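Data first, discussion second: the structure below is written as structure tokens.
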Amino acid sequence: MMNNLLHERVCAVVAETLGTAPADISADSSTQSVAAWSSLAHLRLLSSLEQAFGIRFTMAEMTSMTSVPAIERVLEAHGVDV
Amino acid sequence: MSEGAHLDVGLAVHIAQYYLARRRLNEARAALAPFEDAPPQTLAERRALADALASLASAHTLRRDFDLARDVLATARTLAETPAVLCAGAALAAATQQLDVAIAGWRRALSLEPSNDAAWRDLARAFETMGDASAAAAAYLASARHGTSHANMLAIAERVAALAPASPDTRAAERIRIALLGSSTLDHLRAYLEVACRLDGLVPDIYLGPFGQYAQEILNPQSALYAFEPDVVVLAVHGRTLFPELYDAPFDLSVAERKSAAAAAADGVADLLSQLSSHTAALVLLHTFGVPQYSSLSTLDLHDEFGQTAIFQSINHALAERIRRDFPFVRLVDEDRVFGRIGKRHVTDTRMWYLARIGFTEAALEALSEEYLRYIKALKGRTRKCLVLDLDNTLWGGVVAEIGPHGIAVGHEAPGNAFRAFQEAILSLSKRGVILAINSKNNESDAMQVLQEHPDMVVRPHHFASIRINWNDKVTNLRSIAEELNIGLDSLVFVDDNPAECALVRDRLPEVLTVELPPDPALYRSTLLSLTDFETLTLSDEDRQRGQLYAQRRERQAWEASQAHASEGLGDYLSQLDLIVDIAEADEFALPRVAQLLSKTNQFNVTTRRHTEAAVRAFAAAADATVYAARVRDRFGDHGLVGAAILTHAAPGDLVWEIDSLLLSCRIMGRGVETAMLSVLAADAKAAGALRLRGIIIPTAKNAPARTLYSAHGFTHSGEDAEGQVWELDLRATAIQAPPWLTLSVRDAVVARR
């Protein structure tokens, strides 16, 4: 249950920030698979996620968060409660 | 759920939000259901319920359950048409391809809540889908204007640049070509500058040099930089890339080596500037080298003969000198000041620096683009010339017509000191060449009294080139100010605390920059100082004197007008003036001004005794003296406290009273005010039992106008004393009448009150 909710919110933030349709973002989405997920867009996304979930990532986390599942893992490690 | 009717609405909304966050929409609906048939009584509760239903409808829309969304929205609408309900309706319409309906909905929501930056973005996307690029760009910019997040700013910059690119059709006055060069990733700087320019009505074309290749770009005459033909080149090179040893280990060097390294650093940058200047006529904005936050000598840095602070200051100082001498088109962007405003530790997010060589945070980007705009607007001739100010709750706290000149807040204690600080900032603008004007709905006499006489005011009538204190609407006044000063409406900045007045001016005179002050006067000063509209690229002596020159012009025109009238017939002219002379014993408020008049007045001054303020206060407090203050106003306005006299008498019942001092400000001479004053002095002395009134004339090089005062009013010359001529009036035989053309108002019988 928890994971589904988190997944839904993460996908919404990713879609909104990258300017893509919500349907285009899924558990498979990553910097490799989504054209709009450029390196600059990635930085923008990190800023959006920090704001949306009220947390602050470490540099190591930032470099690891290159896909939707990776983002969810970091958020869960931060104890994000949806 | 009949028990639901007893449920608290706030609790139900809270429960619904809990389920909404977990996407359990049916449970959310159930939590709100009890109130759908029995709507709450209060408007606030109905609005809260409507907002919760709007969130639910939006969740249904996202799941593409449009029928459910429609149903929930219909219920919400019967409760209250809140902005959230309107936005949810618009989102549903957009999702079902009814873009016209969606746009109308967001527009209505934004008319109720213009600060909703998310709704502006939704509206922009709808316009984009419809293919209306310019409306979309405008809506994106409105979102940025209302303070959107960092990520949104970056996205908005991208969208507006794509939707409304600079093109050959762009009007030259709006076009600006900016090249950004530096040693870090400047993409975000480009985004913020793009938006900042557009919010000021400029259409920028921004060139971003290849990462870190600023030197190659500058040195190669064939580079893309020069091909771009920039109007402005920003050179934001971090000193660490030029002289790293002065950051990391300056104290490995001897003092002499540090000095020569600092000189070499400045020379290296100057070499870049001379290359730049020989290949482009652009305005170059060169970042200074900010003093690092920590020195390796730590607290002892300034104790060192040539510590790191001194090193950086000497580099910047040497550069400034070179630029003044050799590079007329280069200006320095002072990093220590610009970043000091936001705090240096907020300039760089170190994670972003290590990850992506991004040197500037959101706060730094805002501060930098604001600073660049100061230069860019000056370069594009967008400098505004005149600052037009409201009075009540703007220059001072409170409404003078309600609480009186003594009740307003301006002074040395809170909150009056905030208004004083604001006035100091206004005056410093005036000294830099900004013309000042007043546009206030007020009783002119009240307001002018404060401006002229309130001891704690910083700005005075002579600082203002144009004054409109009346009951006209502010739009009419602004037009007439622009006309009087012979400048365009687009040269005016209008500052007011009243949102309704600001909205009216913004609507009717969009060319005027209207600045609505924040509710807290503590923020007035910084609001004014953050305006980027008064900059010039150079400052001449004439600029420094402009405020004064305009104010003098106003006074001269008034004087010439009065001379023209005088030649038509003095009596007629004076009686048409509607002069009112108000004479009273000088109170606390008046005494400093009386002392000032005694110290300054040369022409109409019978004795020219320069009593100090302390001496004047002693006269006022003494039982055997009275200090008089005369205020004058006429149909054109209030002249303020312009006359003063000191009457002495040994004891009540003393037979001869003496006029120690009597004077008039030169701007009120020739209107019979002196006769009115003498009439009051004589009447008071007589009422107290005196038999004679004595006056002394002490001739000076300048007081010829005052020397005939006593002879013209029935006094007889009784001799000379050590200082001058002695004149006396027999109070039993002669009464002095105030002139028929003025209205004399005497506050109490001044002496009799004692």
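Within the stretch B:611-627, track down each residue that is buried (at least 24 other Cβ atoms within 10 Å of the Cβ) and part of a strand (DSSP E or B). Once the filter is applied, which keeps residues that are buried (at least 24 other Cβ atoms within 10 Å of the Cβ) and part of a strand (DSSP E or B), the stretch B:611-627 yields B:626, B:627.
Check B:646, B:668, B:696 and return the single one that is farther than 20 Å from residue B:591 by Cα, of a type in the set (Val, Ile, Thr) and crowded, with 19+ Cβ neighbours inside 10 Å.
Exactly one residue qualifies, and that residue is B:696.
Taking the numbered list (1) in contact with an Asp or Glu (Cβ under 8 Å, 6 or more places away or on another chain); (2) within 20 Å of residue B:232 (Cα to Cα) in turn, residue B:322 passes all entries but (1). Residue by residue through the stretch B:708-733, note down the ones that are over 27 Å from residue B:578 (Cα atoms) and in a loop (DSSP other than H, G, I, E, B). Result: B:715, B:721, B:722, B:723, B:724, B:731, B:732, B:733. Out of B:360, B:327, report the one residue that is in contact with a Leu (Cβ under 8 Å, 6 or more places away or on another chain), of a type in the set (Phe, Trp, Tyr) and within 14 Å of chain A (Cβ to nearest Cβ). On inspection, the qualifying residue turns out to be B:360. Can you find even one residue in the stretch B:389-396 that is touching a strand residue (DSSP E or B) at 6+ places or on another chain (Cβ under 8 Å) and closer than 13 Å to residue B:463 by Cβ? Yes, there is a match, as at least one residue in the stretch B:389-396 is touching a strand residue (DSSP E or B) at 6+ places or on another chain (Cβ under 8 Å) and closer than 13 Å to residue B:463 by Cβ. Can you confirm whether residue B:440 is among the polar types (S, T, N, Q), in contact with a strand residue (DSSP E or B) (Cβ under 8 Å, 6 or more places away or on another chain), modelled with pLDDT of 95 or more and over 15 Å from residue B:515 (Cβ atoms)? Considered against the rule, which asks whether it is among the polar types (S, T, N, Q), in contact with a strand residue (DSSP E or B) (Cβ under 8 Å, 6 or more places away or on another chain), modelled with pLDDT of 95 or more and over 15 Å from residue B:515 (Cβ atoms), residue B:440 comes out as yes. For the stretch B:163-187, the set of residues classified as closer than 25 Å to residue B:235 by Cα and within 14 Å of another protein chain (Cβ to nearest Cβ) consists of B:184, B:185, B:186, B:187, listed by residue number. Taking the criterion of being outside any strand (DSSP E or B) and either within 23 Å of residue B:378 (Cβ to Cβ) or basic (Lys, Arg) (or both), the residues of the stretch B:280-289 that qualify are B:280, B:281, B:282, B:288.
Residue count for the stretch B:452-466 under the criterion of being outside any strand (DSSP E or B) and of a type in the set (A, V, I, L, M, F, W, C): the result is 3.
I'd like the residue in the stretch B:553-610 that is assigned to a helix (DSSP H, G or I) and of a type in the set (Phe, Trp, Tyr) and, out of all such residues, is modelled with the highest pLDDT. Here the residue is B:573. Taking the condition of being at negative phi and not in a helix (DSSP H, G or I), how many residues in the stretch A:2-28 meet it? Here the count works out to 6. Filter the stretch B:339-373 down to the residues that are touching a Gly at 6+ places or on another chain (Cβ under 9 Å), buried (at least 19 other Cβ atoms within 10 Å of the Cβ) and under 23 Å from residue B:284 (Cβ atoms) and list them by number. Hits for the stretch B:339-373 are B:339, B:347, B:359.
Residues that are within 33 Å of the chain's Cα centre (by Cα), more than 14 Å from every other protein chain (Cβ to nearest Cβ), part of a helix (DSSP H, G or I) and polar (S, T, N, Q): does the stretch B:112-133 have at least one? Checked against the condition, which is being within 33 Å of the chain's Cα centre (by Cα), more than 14 Å from every other protein chain (Cβ to nearest Cβ), part of a helix (DSSP H, G or I) and polar (S, T, N, Q), the stretch B:112-133 yields no hits at all. Only residues that are surrounded by 13 or more Cβ atoms within 10 Å (Cβ to Cβ) and acidic (Asp, Glu) were counted in the stretch A:10-35, giving 2.
Residues being farther than 18 Å from residue A:24 by Cβ, among the aliphatic types (A, V, I, L, M) and more than 11 Å from chain B (Cβ to nearest Cβ): count how many of those fall in the stretch A:52-68.
Number of matching residues: 2.
Taking the stretch A:1-11, which residues are within 8 Å of chain B (Cβ to nearest Cβ) and either at pLDDT 85 or above or within 29 Å of residue B:157 (Cβ to Cβ) (or both)? A:8 - this is the single residue of the stretch A:1-11 that is within 8 Å of chain B (Cβ to nearest Cβ) and either at pLDDT 85 or above or within 29 Å of residue B:157 (Cβ to Cβ) (or both). Of the residues making up the stretch B:272-301, those that are over 37 Å from the mean Cα position of the chain (by Cα) and more than 17 Å from residue B:182 (Cβ to Cβ) are B:274, B:278, B:279, B:295, B:296, B:297, B:298, B:299, B:300, B:301. Is one or more of the residues making up the stretch B:79-95 in contact with a Lys or Arg (Cβ under 7 Å, 6 or more places away or on another chain), more than 29 Å from residue B:192 (Cα to Cα) and not hydrophobic (A, V, I, L, M, F, W, C)? Yes, the stretch B:79-95 contains a residue that is in contact with a Lys or Arg (Cβ under 7 Å, 6 or more places away or on another chain), more than 29 Å from residue B:192 (Cα to Cα) and not hydrophobic (A, V, I, L, M, F, W, C). Across the stretch A:32-51, the qualifying residues are those that are more than 7 Å from chain B (Cβ to nearest Cβ) and of a type in the set (A, V, I, L, M, F, W, C), and the one among them that is nearest to residue A:62 (Cα to Cα) is A:46. The conditions of being modelled with pLDDT of 95 or more, buried (at least 20 other Cβ atoms within 10 Å of the Cβ) and assigned to a helix (DSSP H, G or I) are met by residue B:422. Is it true that residue B:412 is touching a helix residue (DSSP H, G or I) at 6+ places or on another chain (Cβ under 8 Å) and of a type outside the set (Gly, Ala, Ser)? Taking the combined requirement at face value, the residue satisfies it. Among the residues of the stretch B:467-499, what is the count of those that are among the aromatic types (Phe, Trp, Tyr) and either part of a helix (DSSP H, G or I) or more than 19 Å from residue B:426 (Cα to Cα) (or both)? Within the stretch B:467-499, residues that are among the aromatic types (Phe, Trp, Tyr) and either part of a helix (DSSP H, G or I) or more than 19 Å from residue B:426 (Cα to Cα) (or both) number 1.
Scanning the stretch B:650-687 for residues that are at pLDDT below 85 and over 18 Å from residue B:706 (Cα atoms) returns B:650, B:651, B:652, B:653, B:654.
The values are calculated or read from the model by the stated rules, or taken from the named source; none is laboratory data. It should be emphasised that the depicted structure is a prediction, and the values quoted were computed from it without experimental measurement. So basically every Cβ, Gly included, is an ideal-geometry build from the backbone, and we count neighbours across all protein chains shown.
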